Amino acid sequence: VYALMKEIFNTFSAIVYNFKGTIKDYAGDAVYAFWDHDVEPINAQAVLACQAAIQQAQTVKDIQTKLSTKNIAVDNLQMGWGITTGTVTMSHYGSRAVDLALVGDCTNLAFRLSSIANNELSEKVIICSQTADLVRKDLELKDLGNVPIKGRKGQEHVFALNPSQ
């Protein structure tokens, strides 16, 4: 498990950095990244975040091939991505840099989307409607319609990105 998580975190982190993102945290088996509003215009940030997720999804087969002799469980590896756009409050809760917190509805939604991606929904990369509006000129989208999201009232209109883009 350690070798698998190390490979995923190293590979995915490099991809996030290549697409101008920042790693906030490694939460359990998730890589929590964000794109800073000072780096690029909002639509460019959204495209970069989506491209990073697409490239990460494309590398899963490579990771499985590399580690299949070390851990047979890697063959059944299932991963999902959730991408949202919105306002968050960035703050320190505590005195250490690792205590940086990003608080906001879109943060919670991103984690909820990642949990249903490649699970309740068959698509691997799920994005919210706000992100879809920002990237639809640059990336191919699949409209998944309105879906219920755990912990939220009503339904959320979501879209999928094609990992072969």
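With coordinates expressed along the principal axes, the C-alpha atoms belonging to segment 113-162 extend over 31, 20, 14 Å, beginning with the largest. Working note: 222 nm ellipticity from helices only, DSSP H runs with n ≥ 4, each -39,500 (n - 2.57), summed and divided by the residues of the chain, gives -12500 deg cm²/dmol to the nearest 500. Per residue, the solvent-accessible area of the chain (1.4 Å probe, heavy atoms of protein chains only, all protein chains present) comes to 57 Å². Less than 5 angstrom separates the built amide H of Leu144 from those of Val158, Phe159, Ala160, all sequence-distant by 5 or more or on a different chain. Legend: calculated FRET efficiency, Val88 to Ser122, from the Cβ-Cβ distance at R0 = 30 Å, rounded to 0.05, equals 0.55. Largest to smallest in accessible area, the residues Tyr26, Tyr32, Tyr17 fall in the order Tyr17, Tyr26, Tyr32 (1.4 Å probe, all protein chains included). Counted over all Cα-Cα pairs of segment 35-87, pairs farther apart than 15 Å make up 57 percent.
For segment 1-142, the number of Lys pairs with C-alpha atoms closer than 18 Å, counting only pairs eight or more positions apart or on separate chains, is 7.
Looking at segment 1-142, the DSSP beta bridges with both ends there are about 70 percent antiparallel.
Here is the P(r) of segment 1-68: all C-alpha pair distances, binned every 10 Å from 0, give 21, 51, 23, 6, 0 in whole percents. Working note: Cα gyration tensor of segment 19-165, eigenvalues times five, square-rooted, sorted largest first, giving semi-axes of 23, 20, 16 Å.
Counting only protein heavy atoms and a probe of 1.4 Å, the accessible surface of the chain is 50% carbon and sulfur.
The values are calculated or read from the model by the stated rules, or taken from the named source; none is laboratory data. Because the structure is a prediction, the values reported are computed rather than measured. When we count neighbours, we look across all protein chains shown, and the Cβ atoms used for this are built from the backbone with ideal geometry, even at glycine. Calculation scope for accessible area: heavy atoms of the full protein, side chains included, ligands and nucleic acids excluded. Shrake-Rupley method; radii C 1.70, N 1.55, O 1.52, S 1.80 Å.
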